[in-house]
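Structure first, then comments.
The values are calculated or read from the model by the stated rules, or taken from the named source; none is laboratory data. Computed from a predicted structure; not experimentally measured. In this analysis, Cβ positions are derived from the backbone assuming ideal geometry, glycine residues included, and neighbour counts consider all displayed protein chains. SASA here: full protein model, heavy atoms, side chains in, ligands and nucleic acids out. Shrake-Rupley method; radii C 1.70, N 1.55, O 1.52, S 1.80 Å.
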Amino acid sequence: MSLNSFGHLFRVTTWGESHGPALGATVDGCPPQVPVDATMLQHWLDKRKPGQNKNTTQRKEPDAVEILSGVFEGQTTGTPIQLMIRNTDQRSKDYGDIVEKFRPGHADITYWQKYGIRDYRGGGRSSARETASRVAAGGIAREAIKAMAPDVQITGYMVQMGEKKIDRTKFDWDQIGQNDFWCPDADAAVEWESYLDWLRKDDHNSVGAVIEVVARGVPAGIGAPVYGKLDTDLAAAMMSINAVKGVEIGEGMAAAALTGRDNADEIFMGPNGPEYSSNHAGGILGGISTGQDLVVRFAVKPTSSILTPRKTITKSGTETEIITKGRHDPCVGIRAVPVGEAMMACVVLDHMLLHRGQIGENRGAIG
């Protein structure tokens, strides 16, 4: 049984462990003649790689991607693309204390209960290091989308750290790449900086976050009813990211507090087709894109690896305490931003290919 793959036509299989020699992805179903080289993919991996600033883990990994197959003379061939990223800065000795102990909040205990064996060195397959493979695959998806729909733009950013939220009235797209938090609110980024510094140094603690990912320029009509919904696959993709515990599309949970009059996005006829008064639906109706921005949010739990002693048990059932050593992110939400972008790209491309295969051009003209 293979459960390490996602996607329908554009299919990604990731492999490798946190402290193994390498990890990577096999990408199948990418159309041929898409311009791709390692430099293009590296741009996206550099957004996710560890050790770039004091607010993320200090593990130093170049995350240099190698293309082993599926690309010839700078173009995809239509055959499987094999991507590899070597691990170069493993410190497995940091995990010697947890050979027999289960870390609270980690997958240690469930992996042991399921398989009867686990890679305790950084969590093995359950480590967020696996997401580097997704970002590499997402780079392939971005280039394929660019060839099919050049106007599509995918951007992720943090909107909340712990209880601290951005001020939506100060939202500035240009600010997102100007701070360590991919934050569109410059004032919030300053506040988050000092808060996380205190949390890491003085409180020996961690904090969760909420990330929003928006895809602009996605054409209307992708997605399918019932079991092939675009939002179904987007939700599953985001939920599969390490540490994610909640996903929203558009208004999300807040829609429960709205009335039907408030929630339904009114429709008008514009010069280039339908226009909407608002986007509570997050750009998706009945599982099919409306042509508005696709808006997805996901909540990331706090890093469970902290220096505060926590109660736990050993494999033999003995009660004990544990302090998780090593190099860990005080807020994994920071490096989850490019991962969310990558998953958005993979799902959008997958559904564009599905739409092209079944429908071709949209059938229902308006106006």
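Structure values in brief
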| read-out | value |
| --- | --- |
| Per-pair calculated FRET efficiency, R0 = 45 Å: Glu319 and Trp173 via Cβ, rounded to 0.05 | 0.35 |
| With every protein chain in place, the chain: carbon and sulfur % of accessible area (1.4 Å) | 52 percent |
| Out-of-range pairs (alpha-carbon distance over 25 Å; input Lys114/Lys229; Lys47/Lys146; Lys146/Lys301; Lys49/Lys315; Lys49/Lys114; Lys164/Lys245) | Lys114/Lys229; Lys146/Lys301; Lys49/Lys315; Lys49/Lys114 |
| Label point distance in nm, Thr110-Asn362, each placed 7 Å from Cα along Cα→Cβ | 3.9 nm |
| Computed [θ] at 222 nm, deg cm²/dmol, the chain (DSSP H ≥ 4; -39,500 (n - 2.57); rounded to nearest 500) | -8000 deg cm²/dmol |
| Helix 131-148 vs. the chain, principal-axis angle (Cα, 0 to 90°, nearest 10) | 10 degrees |
| Residues with amide H under 5 Å from that of Ile313, placed H, sequence gap 5 or more | Phe102, Thr320 |
| Gain in span if fully extended, Glu163 to Ala186, counting 0.36 nm per residue against the direct Cα distance | 6.6 nm |
| Rounded to the nearest 10 Å², the accessible area of Glu275 at probe 1.4 Å | 90 Å² |
| Per residue, in Å², the accessible surface of the stretch 272-349 once ligands and nucleic acids are set aside, probe 1.4 Å | 38 Å² |
| Under-5 Å amide H pairs with Val332, H placed in peptide plane, nonlocal only | Val207, Thr303 |
| Probe 1.4 Å, all protein chains present, accessible-area order of Phe10, Phe171, largest first | Phe171, Phe10 |
| Accessible area in square angstrom per residue, the stretch 1-45, 1.4 angstrom probe | 49 Å² |
| HN-Hα J in Hz across the stretch 165-173 - Karplus 6.51, -1.76, 1.60, θ = phi - 60°, x for Gly and Pro | 10, 6, 9, 4, 6, 9, 4, 9, 4 |
| Cα centroid separation, the stretch 280-355 to the stretch 189-215 (Å) | 15 Å |
| Burial order of peptide ranges 117-125, 68-76 (average beta-carbon count within 10 Å, highest first) | 117-125, 68-76 |
| Solvent accessible area, Å² - Lys165, 1.4 Å probe, full protein context | 140 Å² |
| Efficiency of FRET from Cβ geometry, Asp97 and Ala254, R₀ 41 Å, rounded to 0.05 | 0.45 |
| Under-5 Å amide H pairs with Ile284, H placed in peptide plane, nonlocal only | Thr290 |
| Pairwise label distance in nanometres, Lys146 with Ile267, each label 7 Å out on the Cα-Cβ vector | 3.4 nm |
| Virtual paramagnetic centre 7 Å along Cα→Cβ of Trp198, amide N under 19 Å, in the stretch 304-319 | 307-308 |
| Per-pair calculated FRET efficiency, R0 = 30 Å: Ser5 and Asp37 via Cβ, rounded to 0.05 | 0.75 |
